[in-house]
Amino acid sequence: MLPLYLLVTNVDLLRPWEALVVTRVGSARTWWWGHVWAAGLIAAMLSLGYAILSGMVAAASGHWSWQWGAYGRHSEYPAVLAQPPWTIPWHWSADALVYLTLGLWAVGVLRHVLALWWRGPWLPWLAVVALAFSSRALSNTVAQPAVWWLPGTQFSFYYHWTPTGSRMLGWTLAYTICLMAVAAAAGWALAQTPLWQAQHGETL
(Lines give C-alpha, C1' and ligand atoms only; values in the text may rest on other atoms or scores of the structure.)
Protein backbone atom coordinates (compact mmCIF):
# COMPACT_ATOMS: atom_id res chain seq x y z
CA MET A 1 0.00 0.00 0.00
CA LEU A 2 2.75 2.45 0.90
CA PRO A 3 4.65 2.44 -2.44
CA LEU A 4 1.34 2.85 -4.29
CA TYR A 5 0.28 5.76 -2.07
CA LEU A 6 3.64 7.48 -2.44
CA LEU A 7 3.47 7.01 -6.21
CA VAL A 8 0.01 8.62 -6.34
CA THR A 9 1.16 11.60 -4.24
CA ASN A 10 4.62 11.86 -5.80
CA VAL A 11 4.53 15.31 -7.39
CA ASP A 12 7.42 17.64 -8.12
CA LEU A 13 6.91 20.47 -5.64
CA LEU A 14 9.40 22.65 -7.51
CA ARG A 15 7.72 22.57 -10.92
CA PRO A 16 6.54 25.87 -12.46
CA TRP A 17 2.91 24.92 -11.84
CA GLU A 18 3.50 24.91 -8.09
CA ALA A 19 4.94 28.44 -8.34
CA LEU A 20 1.69 29.57 -9.95
CA VAL A 21 -0.31 27.91 -7.18
CA VAL A 22 1.79 29.65 -4.51
CA THR A 23 1.18 32.96 -6.24
CA ARG A 24 -2.55 32.27 -6.51
CA VAL A 25 -3.07 31.30 -2.86
CA GLY A 26 -0.93 34.21 -1.72
CA SER A 27 1.59 32.52 0.56
CA ALA A 28 3.85 29.49 0.73
CA ARG A 29 2.37 28.71 4.13
CA THR A 30 -1.14 28.25 2.74
CA TRP A 31 0.24 26.30 -0.22
CA TRP A 32 2.10 23.90 2.09
CA TRP A 33 -0.92 23.18 4.30
CA GLY A 34 -2.96 22.54 1.17
CA HIS A 35 -0.52 19.78 0.24
CA VAL A 36 -0.65 18.35 3.77
CA TRP A 37 -4.45 18.10 3.78
CA ALA A 38 -4.48 16.75 0.23
CA ALA A 39 -2.11 13.96 1.31
CA GLY A 40 -4.51 13.06 4.13
CA LEU A 41 -7.52 13.03 1.80
CA ILE A 42 -5.74 10.74 -0.66
CA ALA A 43 -4.72 8.42 2.18
CA ALA A 44 -8.34 8.18 3.38
CA MET A 45 -9.63 7.50 -0.14
CA LEU A 46 -7.00 4.82 -0.76
CA SER A 47 -7.74 3.09 2.56
CA LEU A 48 -11.48 3.20 1.91
CA GLY A 49 -10.95 1.74 -1.55
CA TYR A 50 -8.85 -1.03 -0.04
CA ALA A 51 -11.59 -1.78 2.50
CA ILE A 52 -14.27 -1.97 -0.18
CA LEU A 53 -12.14 -4.17 -2.43
CA SER A 54 -11.19 -6.57 0.37
CA GLY A 55 -14.82 -6.78 1.50
CA MET A 56 -16.00 -7.59 -2.02
CA VAL A 57 -13.35 -10.29 -2.40
CA ALA A 58 -14.28 -11.80 0.97
CA ALA A 59 -17.99 -11.76 0.15
CA ALA A 60 -17.41 -13.31 -3.30
CA SER A 61 -15.18 -16.06 -1.92
CA GLY A 62 -17.72 -17.03 0.73
CA HIS A 63 -15.44 -16.45 3.73
CA TRP A 64 -17.01 -13.26 5.07
CA SER A 65 -17.94 -13.31 8.74
CA TRP A 66 -18.49 -10.65 11.39
CA GLN A 67 -17.88 -13.22 14.11
CA TRP A 68 -14.79 -15.12 15.18
CA GLY A 69 -15.69 -18.27 13.27
CA ALA A 70 -13.15 -20.95 14.13
CA TYR A 71 -11.34 -18.52 16.40
CA GLY A 72 -14.23 -18.08 18.83
CA ARG A 73 -14.14 -16.13 22.05
CA HIS A 74 -13.89 -19.39 23.95
CA SER A 75 -10.85 -20.57 22.03
CA GLU A 76 -7.27 -19.93 23.04
CA TYR A 77 -6.51 -17.80 19.96
CA PRO A 78 -7.53 -14.35 21.34
CA ALA A 79 -5.55 -15.01 24.52
CA VAL A 80 -2.22 -15.14 22.70
CA LEU A 81 -2.72 -11.75 21.05
CA ALA A 82 -1.28 -8.54 22.39
CA GLN A 83 -4.62 -6.76 21.86
CA PRO A 84 -7.68 -7.04 24.16
CA PRO A 85 -9.51 -10.32 23.46
CA TRP A 86 -12.97 -8.83 24.08
CA THR A 87 -12.96 -6.84 20.85
CA ILE A 88 -14.66 -8.37 17.83
CA PRO A 89 -13.10 -8.75 14.37
CA TRP A 90 -14.87 -5.90 12.61
CA HIS A 91 -13.61 -3.53 15.32
CA TRP A 92 -10.12 -4.73 14.48
CA SER A 93 -10.79 -4.10 10.80
CA ALA A 94 -11.88 -0.53 11.51
CA ASP A 95 -8.83 0.04 13.72
CA ALA A 96 -6.52 -1.38 11.05
CA LEU A 97 -7.93 0.98 8.40
CA VAL A 98 -7.64 4.00 10.70
CA TYR A 99 -4.01 3.25 11.50
CA LEU A 100 -3.31 2.54 7.84
CA THR A 101 -4.78 5.92 6.88
CA LEU A 102 -2.85 7.81 9.56
CA GLY A 103 0.38 6.01 8.68
CA LEU A 104 0.05 6.72 4.98
CA TRP A 105 -0.73 10.36 5.70
CA ALA A 106 2.27 10.86 8.00
CA VAL A 107 4.68 9.14 5.62
CA GLY A 108 3.25 11.12 2.70
CA VAL A 109 3.96 14.39 4.48
CA LEU A 110 7.46 13.13 5.28
CA ARG A 111 8.02 12.48 1.57
CA HIS A 112 6.88 16.01 0.77
CA VAL A 113 9.38 17.42 3.28
CA LEU A 114 12.22 15.42 1.74
CA ALA A 115 11.11 16.60 -1.71
CA LEU A 116 11.49 20.20 -0.56
CA TRP A 117 14.85 19.45 1.05
CA TRP A 118 16.32 17.56 -1.92
CA ARG A 119 14.50 19.73 -4.49
CA GLY A 120 13.27 16.74 -6.47
CA PRO A 121 10.48 14.10 -6.37
CA TRP A 122 12.10 10.71 -6.96
CA LEU A 123 14.96 10.50 -4.48
CA PRO A 124 12.56 11.15 -1.56
CA TRP A 125 10.18 8.51 -2.94
CA LEU A 126 13.00 5.94 -3.03
CA ALA A 127 14.22 6.92 0.45
CA VAL A 128 10.81 6.56 2.11
CA VAL A 129 10.05 3.27 0.32
CA ALA A 130 13.48 1.98 1.36
CA LEU A 131 12.72 2.85 5.00
CA ALA A 132 9.43 0.97 4.81
CA PHE A 133 11.01 -2.12 3.26
CA SER A 134 13.85 -1.97 5.78
CA SER A 135 11.39 -2.03 8.66
CA ARG A 136 9.63 -5.00 7.05
CA ALA A 137 12.92 -6.85 6.58
CA LEU A 138 13.87 -6.30 10.23
CA SER A 139 10.53 -7.49 11.60
CA ASN A 140 11.56 -11.16 11.91
CA THR A 141 15.16 -10.64 13.04
CA VAL A 142 16.97 -9.79 16.25
CA ALA A 143 16.69 -6.14 15.18
CA GLN A 144 12.89 -6.25 15.43
CA PRO A 145 12.77 -3.37 17.99
CA ALA A 146 13.93 -1.08 15.18
CA VAL A 147 10.56 -1.65 13.50
CA TRP A 148 8.93 0.62 16.08
CA TRP A 149 11.21 3.53 15.19
CA LEU A 150 11.02 3.35 11.39
CA PRO A 151 8.06 4.74 9.43
CA GLY A 152 6.48 1.82 7.64
CA THR A 153 5.70 -1.59 9.06
CA GLN A 154 4.60 -0.38 12.48
CA PHE A 155 1.52 1.22 10.87
CA SER A 156 0.37 -2.27 9.91
CA PHE A 157 -2.15 -3.57 12.43
CA TYR A 158 -0.76 -7.08 11.99
CA TYR A 159 2.45 -6.28 13.87
CA HIS A 160 0.45 -5.38 16.98
CA TRP A 161 -0.98 -8.88 17.29
CA THR A 162 1.92 -11.04 18.39
CA PRO A 163 2.95 -10.54 22.02
CA THR A 164 6.70 -10.96 21.40
CA GLY A 165 8.27 -7.58 20.77
CA SER A 166 4.93 -5.93 19.97
CA ARG A 167 3.56 -2.71 21.37
CA MET A 168 0.08 -1.46 22.03
CA LEU A 169 -1.71 0.63 19.44
CA GLY A 170 -1.24 3.75 21.57
CA TRP A 171 2.48 3.66 20.75
CA THR A 172 1.85 3.80 17.01
CA LEU A 173 -0.76 6.52 17.45
CA ALA A 174 1.70 8.66 19.43
CA TYR A 175 4.46 7.93 16.91
CA THR A 176 2.19 8.95 14.03
CA ILE A 177 1.17 12.21 15.70
CA CYS A 178 4.82 13.09 16.44
CA LEU A 179 5.94 12.20 12.92
CA MET A 180 3.13 14.24 11.41
CA ALA A 181 3.81 17.25 13.65
CA VAL A 182 7.57 17.27 13.02
CA ALA A 183 7.21 16.72 9.27
CA ALA A 184 4.48 19.34 8.86
CA ALA A 185 6.48 21.91 10.85
CA ALA A 186 9.66 21.16 8.90
CA GLY A 187 7.85 21.49 5.57
CA TRP A 188 6.22 24.74 6.67
CA ALA A 189 9.65 26.13 7.55
CA LEU A 190 11.32 24.91 4.33
CA ALA A 191 8.56 26.35 2.18
CA GLN A 192 9.37 29.84 3.48
CA THR A 193 13.17 29.78 3.25
CA PRO A 194 15.02 31.96 0.70
CA LEU A 195 16.11 28.78 -1.10
CA TRP A 196 12.47 28.19 -1.94
CA GLN A 197 11.89 31.65 -3.40
CA ALA A 198 12.06 32.08 -7.16
CA GLN A 199 14.69 34.32 -8.69
CA HIS A 200 14.07 36.60 -11.67
CA GLY A 201 13.98 34.48 -14.83
CA GLU A 202 13.95 31.18 -12.93
CA THR A 203 11.22 28.74 -11.99
CA LEU A 204 10.25 28.22 -8.39
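The values are calculated or read from the model by the stated rules, or taken from the named source; none is laboratory data. All figures in this text were calculated on a predicted structure; none of them were measured in a lab. As a convention, Cβ positions derive from the backbone with ideal geometry for all residues, glycine included, and neighbour counts pool all protein chains shown. To get the accessible areas, we keep the full protein, side chains included, count just its heavy atoms, and leave off ligands, DNA and RNA. Shrake-Rupley method; radii C 1.70, N 1.55, O 1.52, S 1.80 Å.
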Sequence of 35, 112 when ordered by accessible area, the most exposed leading, probe 1.4 angstrom: 35, 112
Round to the nearest 10 and report in Å² the accessible area of residue 148, as given by a 1.4 Å probe over the protein chains' heavy atoms. 10
On the full set of protein chains, 1.4 Å probe, figure out the accessible area of residue 52 and give it in Å² to the nearest 10. 90
Estimated vicinal HN-Hα couplings, Hz - segment 91-100 in sequence order (Karplus 6.51, -1.76, 1.60; Gly, Pro = x): 5, 5, 4, 5, 4, 4, 5, 5, 5, 5
Table column - 3J(HN,Hα) (Hz), segment 178-189, Karplus curve with 6.51, -1.76, 1.60, x for Gly and Pro: 5, 4, 5, 5, 5, 5, 5, 5, 5, x, 4, 6
Using a basic spin-label model with each label point 7 Å from the Cα along Cα→Cβ, how many nm lie between residue 158 and residue 177? 2.8
Order 168, 180, most accessible first, counting only protein heavy atoms with a 1.4 angstrom probe. 168, 180
Residue 95: accessible area at probe 1.4 Å, nearest 10 Å²? 60
Share of carbon and sulfur in the accessible heavy-atom surface of segment 92-171 [1.4 Å probe, %]: 73
